[in-house]
Structures are given as structure tokens and as C-alpha cells.
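The values are calculated or read from the model by the stated rules, or taken from the named source; none is laboratory data. Since the model is a prediction, treat every value here as computed from it, not as a measurement. Cβ placement follows ideal geometry from the backbone for every residue including glycine, while neighbour counts extend to all protein chains displayed. Side chains are part of the model used for accessible areas, which takes the heavy atoms of the whole protein and leaves out ligands, DNA and RNA. Shrake-Rupley method; radii C 1.70, N 1.55, O 1.52, S 1.80 Å.
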Amino acid sequence: METAIKEKIKKYIDERSWSLLRESVADWPPADITDLLLYLDKTERVILFRSLPRQLAARVFANLDTSQMDALLTDLTDEETRRLLADLPPDDRTALLEELPGQVTQRLLNLLNPEDLAEARLLLGFPEESVGRLMTPDYVAVRPEWKVSKALEHIRRRGKGIDNISIIYVTDESWRLLDALELQRFILA
């Protein structure tokens, strides 16, 4: 990212031009905003991060390495941290929680709502590097005996709110995985 652009953002922060700041970065890819955050000093970093829309902030946060996440979390209020954790996909939240020191992890767990806390504890209970810990619990599974029309109806109903439905899992009645189909292949069936 060009230094001139970074300096322009710093100028908006210095001048307290919040609407220009938000408009300037609203359409940027998360990786570019992450790069900008690393360029800014601590106060500017927090101001920029607070100005981001919630979903974009979560994607930017997921791009940071663990030490950068920890530093940013230290600078945010509990309410800001609570919102950020709630907006992270479960697998990203689990990766964050397992990398942080125990005291920090406990503090963050205490900020989660009961549903997210139960999900975090479930995922953290899987052995490290296991599929259960690494995979998101947000997926759609269908049954092998279903017609494609029934499966598509199920996918539409259950897929709302899931960020990425690129794979459709086929499971038996005991939830054992039988197959994993790319969505494109499934739709063209």
C-alpha cells in the first residue's frame, strides 16, 4: 500500500474526520486494512479499528497474527471485544482462543454470550490439530436418499448465516460422513 494513502488516513484520524475515514476504507480488502493497521501507532490503530463496520472488523481481525490480535484486544473495551468475538466465525475464534495465554483466554471466554461460550468450549475440547477443532461447526449436511430438490430446499433453509457454503456434506442418520460434494457439482446434478 502506498505511503501517500497511509498518510491520508493518518490525516483523517488527526483531523477527527470520522466519516471520511470510514468512507475511505469501507471498500478496501481486509488484507489492505490489516496492512494499514500495522503501519499506524497504537492510538491510531484503535481509532481505525473502531471505525470499521462490525463484519469488516471481524475479517480484518482474523488476518492479524496472534500477538497483534492480543495487542489489539488489550486496547479495546470489553464491549468492543465482545462484539468482535461474536462476529468471528467459530473456527477463527477457536484458533484465537487456543493461541492466547490462559488468563487472556479466560477473560475472553467470560465475554462470550452463553451460546458462543458453549460452542467455544465444545471446539476447544477437541484435541489440537484435530478436524473437530479446525473445522467450522457451521456447515450444511444432507442425506443420500434425498432428491436434489429436497436437498436444495434444505440448503436454502439451513444455509442462512453461514459465510461459506462451497461444500455440501452427505451424512447418514448417525451423522457419519459419507461424501463431500462441491456446491457447483451438487447444483448441476
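Just to be sure, is Glu129 modelled with pLDDT under 85 and either part of a loop (DSSP other than H, G, I, E, B) or not hydroxyl-bearing (Ser, Thr, Tyr) (or both)? For Glu129, the condition - modelled with pLDDT under 85 and either part of a loop (DSSP other than H, G, I, E, B) or not hydroxyl-bearing (Ser, Thr, Tyr) (or both) - is met. Within the range 119-126, can one find any residue that is among the aromatic types (Phe, Trp, Tyr) and either assigned to a helix (DSSP H, G or I) or out of contact with any Leu (no Cβ under 9 Å at 6 or more places or on another chain) (or both)? No: zero hits. Arg16 satisfies every condition listed in (1) at pLDDT below 90; (2) in a helix (DSSP H, G or I) except (2). All of (1) within 18 Å of Leu100 (Cβ to Cβ); (2) among the small types (Gly, Ala, Ser); (3) in contact with a Lys or Arg (Cβ under 8 Å, 6 or more places away or on another chain) hold for Ala58 with one exception: (3). The listed residues are Ala151, Ala86, and the only one of them that is at pLDDT 85 or above and under 19 Å from Gln55 (Cα atoms) turns out to be Ala86. Candidates in the range 1-58 are the residues that are open to solvent by less than 20 Å² (accessible area, probe 1.4 Å) and over 22 Å from the mean Cα position of the chain (by Cα); of these, the one that is nearest to Asp78 (Cα to Cα) is Glu44. For the range 99-118, the candidate set comprises residues that are outside any helix (DSSP H, G or I) and at pLDDT 85 or above; within that set, the residue that is farthest from Thr66 (Cα to Cα) is Asn113.
Out of all the residues in the range 138-147, is one or more in a loop (DSSP other than H, G, I, E, B), hydrophobic (A, V, I, L, M, F, W, C), open to solvent by less than 70 Å² (accessible area, probe 1.4 Å) and modelled with pLDDT of 80 or more? The answer is yes, given that some residue of the range 138-147 is in a loop (DSSP other than H, G, I, E, B), hydrophobic (A, V, I, L, M, F, W, C), open to solvent by less than 70 Å² (accessible area, probe 1.4 Å) and modelled with pLDDT of 80 or more. In the range 54-98, counting only helices (runs of 4 or more DSSP H) that sit wholly within it, the ones holding 1 or more residues that are farther than 23 Å from Ala118 by Cβ and acidic (Asp, Glu) span 66-75.
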